[in-house]
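Just so it is clear, none of the values below were taken in a lab; they were calculated from the coordinates. What you see is a predicted model, and the numbers here were worked out from it, not measured in a lab. Glycine gets a Cβ as well: all are built from the backbone with ideal geometry, and neighbour counts include every protein chain shown.
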Amino acid sequence: MDGAFRSGKTDLMAPQLVRYLEARGVRHIFGLCGHTNIAVLSAMANTSLRFINVRHEQISAHAADGYARVTGRASVLLSHLSPGLTNAATGVANAALDCIPMVVIAGDVPSYYYGKHPHQEVNLHADASQYEIYRPFVKRAWRVDTPDLLPEILEKAFTLAESGQPGPVLVNVPMDFFSAQIDVALWDRVSGGPRALAKPSLDDETARQIVAHLADAKAPVIHVGGGIALAQAYDELRAFVDHMQIPVSHSLMGKGVLADDHPLTLGMTGFWGMKFTNETTLAADWILALGTRFKEADCSSWYPGYTFNIGGDGSKLIHIDIEPQEIGRNYPAEIGAVADLKAALRVLTRVAREMLPQGRKTPGLAEKIAAERAEFAAQNIEMQSSDAFPMMPERILADLRAAMPDDAILTSDVGWNKNGVAQQFDILTPGSILIPGGFATMGFGPPAAVGAKIAAPERVVISLVGDGGFGQNPAVLATAVAENAPVIWVIMNNNAYGTIAGLQKANYGLTHGTTFPRAADGTEQTPDYAAIARAYGCDGVRIRSAAEFRPALEAAIASGRPTVIDVAMINNPTPTSGHWNILDIYSPDGTGGHATTD
């Protein structure tokens, strides 16, 4: 290191690392202890940093993911080596597939023992190769080879995690480095840099081209994805939509970026999308895609005739995204632009107001959308009001929506609680739903809710999850109690991995390996999650009739206590109008039809 950046004043690495994180505005660190990271934990004592202790590293990764989604900044995960790092891998990969910024700091074996089989070392194929485990899914994996490089690497790590298309990064540190003496000036050198990079926007000429195409279009659609949420461009999206009067469809990850009660919200596309939404996107002459990857489920496995028909004589595509690789990945674009969505929408709205001072007029469009919504909603009224027990999933969603504050944060998991919510549950405050999209990780929702509550303690946070998902890591309850995080977990309990059980039943006529045994008398699901909640120190309620659910939920919200509500549920299928080509189950030639299970 250049002597110009040395002061001669040294200190231990761990305390300097903690001071650096404090200076960056980090307030919470998620993780689990191990002999490789206790120097950092010890340095955190009596500082402003709060360590969010967990009982399994996957919990810490999902909680850090939820925290980052709410704050919009990179969360920090502190991991032990080898089994700690692999336990956290699923949660970090989930964050990576959903482009959530996260800095993972992992302890490793002492540098002086590389390759000698020290305790828990990963070295079967190469020495000092623990960091390689994360390489397929993080934006960058650093192995710190000398203590003096850590300040520079950490600064790069935060910048990379939060810039461009966000995502997790890994900083792998041999444990002896945390106890090394390094020059204080090395940290001072990086502390003066920008904490956030300026983001690219659209130039006026490109914006005018886009607005002109949309203004002249006969049946344009704006299709939005999770990139709007990452850019927190909710107000900017609404302003542009209101001026241009163009209907808005969304991907799974785009759920709620424009409130579901907005008159121009069409709903979700693809396999679990509404028929009217898919018909509208299929018939569009121009599509403005904002922050979306056009992933499989959102596009009916990309088969023409179901959701999108982009290219050739079909729809013309304008695609704006912060990541160049996403533009044209699955559909050819007439115009492609790399830009931050918040900045791009500001320019588009300004240019649209200049070119169309009175706005674009679409008489009757809002009324048509309202009529289609009402028709779809009418199909569910009977089940939403049903007194059947186990409960209808539609009734659970309806009662939850009635009891939940408009600005409450809802985390979903995988199954009915994801697909049904995306299709049938109104999100009224943009950015208030957290969904595991790309990785679709079962077990994401319960710990993500804890992370969200820590990030936004003033808001009600509810985790809607299946019994299969909640059963992945029930030890999240211990963390909620320790952190006084009054999350409410609503378990839609069908005593099965319901989505897969329904799929197997419909196509193979059995449910082998997809359902759980019931109590000895065959009447109740096991285990009793309400009883487990009480054992951890939470409140626990097991619902015995449909009429009990909403009052129990309202009481839980009012209590300010972490609460598990275990609700027995009938495994009704989520209605589908799109197509999903899973070879050997659904066939693309039409003989397999549409999937009818969830």
Only helices at least 27 Å long along their own axis, judged from Cα atoms, and with Kyte-Doolittle mean hydropathy of 0.5 or greater: name those in the chain from DSSP H. none
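Considering all projection directions equally, how large on average is the shadow of the alpha-carbon convex hull of region 3-191, in square nanometres?
Details: hull surface 40.8 nm².
It is 10.2 nm².
Counting helices only, and only those DSSP H runs with n ≥ 4, report the 222 nm mean residue ellipticity of the chain as the sum of -39,500 (n - 2.57) divided by its residues, in deg cm²/dmol to the nearest 500.
Details: 21 runs with 216 residues, N = 598.
Mean residue ellipticity at 222 nm (helix-derived): -10500 deg cm²/dmol.
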Computed for the chain: size of charge dipole around the Cα centre, +1 on C-beta of each Lys and Arg, -1 on C-beta of each Asp and Glu, debye to nearest 20, value 660
When the convex hull of the C-alpha atoms of region 380-568 is computed, what volume per residue in Å³ does it have? 122
Going by how many other Cβ atoms sit within 10 Å of their own, how do Arg544, Arg459 line up, fewest first? Arg544, Arg459
Exposure proxy check: Arg401, Arg293 ranked by fewest other beta carbons within 10 Å? Arg401, Arg293
Which net charge results for the neighbourhood of Pro174, defined as the other residues with beta-carbon distances under 9 angstrom from its beta-carbon, given Lys and Arg at +1 and Asp and Glu at -1? -2
Any idea what the dipole of region 3-191 comes to, in debye rounded to 20, about its Cα centre with Lys/Arg Cβ at +1 and Asp/Glu Cβ at -1? 400
Starting from the 7 Å offset along Cα-to-Cβ, what nm value, one decimal, do you get for the label separation of Thr86 and Ala283? 5.4
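What net charge is computed for the residues neighbouring His80, neighbours being all others with C-beta under 13 Å from the C-beta of His80, Lys and Arg scored +1, Asp and Glu -1? Mind showing how you got there, number by number?
Numbers: positive: none; negative: Glu57, Asp108, Glu121.
Cβ neighbours under 13 Å give a net charge of -3.
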Would you work out which of Phe308, Ala231, Phe276 lies farthest towards the positive end of the dipole of region 204-370? Charges go on Cβ: Lys and Arg +1, Asp and Glu -1. Phe276
Against the globular-protein guess of 2.2 N^0.38 Å, express the Cα radius of gyration of the chain as a ratio, rounded to two decimals. 1.00
Toward the positive end of the charge dipole of region 380-568, about the Cα centre and with charges on Cβ (Lys, Arg +1; Asp, Glu -1), which of Val476, Val460, Gly560 goes farthest? Val476
List the residues, sorted by chain then number, that are 5 or more residues from Asp11 or on another chain and whose placed amide H is less than 5 Å from its amide H. Ile182, Val184
Residues in region 417-458 near a label at Glu323, defined as backbone nitrogen under 14 Å from the 7 Å Cα→Cβ point? 437-440
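Sorting Arg195, Arg395, Arg19 on the 10 Å Cβ count, fewest up front, what's the list?
Numbers: Arg195 13, Arg395 24, Arg19 17.
Least to most surrounded, the residues fall as Arg195, Arg19, Arg395.
Determine, for each peptide in 564-570, 521-527, 536-542, the mean count of other beta carbons within 10 angstrom over its residues, then list the peptides with the highest first.
On the way: 564-570: 24.9, 521-527: 12.4, 536-542: 18.9.
Those peptides, ordered most packed to least, come out 564-570, 536-542, 521-527.
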Would you grab the residues whose amide H sits under 5 Å from the one on His28? Only those 5+ places off in sequence or on another chain, please, with H modelled 1.01 Å from N. Arg50
